[in-house]
Amino acid sequence: MPSYDPNNIFAKILRGELPCYKIYEDDKTFAFLDIMPRAPGHTLVLPKAPARNMLDVAPEDLGHVIGVAQKIAKAGMKAFAADGITIQQFNEGAGGQVVFHLHVHVIPRREGVPMKPPASEKEKPDVLADHAKKLVAALAAG
Ligand code: 5GP
């Protein structure tokens, strides 16, 4: 497996070199909206520590990421009146991974509404800002 590339796009977001719609941050974990959401509220949860994917991440960092993914899943249910949540996580190109800093997708779902194809359409900034506001408020409400 290739080594971690510190210039991947999510590493740049983590360092604040590129913008994002932030949803959550703690000492080990960072979460922001997917810029091409497969459904409203599609969030990516990352460890702050460098890890290419599930195959090289430290187990404790992975544990934190999964705990935060659960928080965001619960908030997504409320914020988007969702009927369910899809969790996705891809490893290496052959596994469907495109950006090589570990991330877990948390995608609120509505009954009978199919997800958009991956990376199909960049969402409008005002829509993303509104979705981020809703998710952050639902997280704060607990
Ligand atoms: P994966 O590596 O799990 O296949 O997917 C990478 C995800 O990152 C895709 O869902 C894609 O829409 C998202 N993505 C790609 N570039 C950016 C970006 O610059 N900002 C954000 N927020 N998401 C991105």
* Matching entry among Pro114, Pro2 (being more than 12 Å from the chain's Cα centre (by Cα), modelled with pLDDT under 95 and not in a helix (DSSP H, G or I)) -> Pro2
* Structure fact -> Subset of region 12-24, residues open to solvent by 40 Å² or more (accessible area, probe 1.4 Å) and under 26 Å from Pro2 (Cα atoms), comes to Lys12, Leu14, Arg15, Gly16, Glu17, Leu18
* To do: Filter region 25-57 for residues that are more than 19 Å from Gly93 (Cβ to Cβ), more than 9 Å from the ligand (Cβ to nearest atom), in a strand (DSSP E or B) and open to solvent by less than 50 Å² (accessible area, probe 1.4 Å) and give the result.
  => Thr29, Phe30, Ala31, Thr43, Val45, Pro47
* Asked: Just a yes or no: is a residue in region 59-70 more than 13 Å from the ligand (Cβ to nearest atom), in contact with an Asp or Glu (Cβ under 8 Å, 6 or more places away or on another chain), of a type outside the set (A, V, I, L, M) and more than 26 Å from Val113 (Cα to Cα)?
  -> yes
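Going through Ala73, Ala79 one at a time, which residue ends up being over 12 Å from Thr43 (Cα atoms) and in contact (Cβ under 8 Å) with a residue 24 or more places away in the chain? Can you show your working first?
Details: Ala73 fails: over 12 Å from Thr43 (Cα atoms).
That would be Ala79, the only listed residue that is over 12 Å from Thr43 (Cα atoms) and in contact (Cβ under 8 Å) with a residue 24 or more places away in the chain.
The values are calculated or read from the model by the stated rules, or taken from the named source; none is laboratory data. Predicted, not measured: the structure shown is a model, and the values here were computed from it. Positions of Cβ are generated from backbone atoms using ideal geometry, with glycine treated the same way; all protein chains shown enter the neighbour counts. Note: accessible area is taken over every heavy atom of the protein model, side chains too, but ligands, DNA and RNA are not part of it. Shrake-Rupley method; radii C 1.70, N 1.55, O 1.52, S 1.80 Å.
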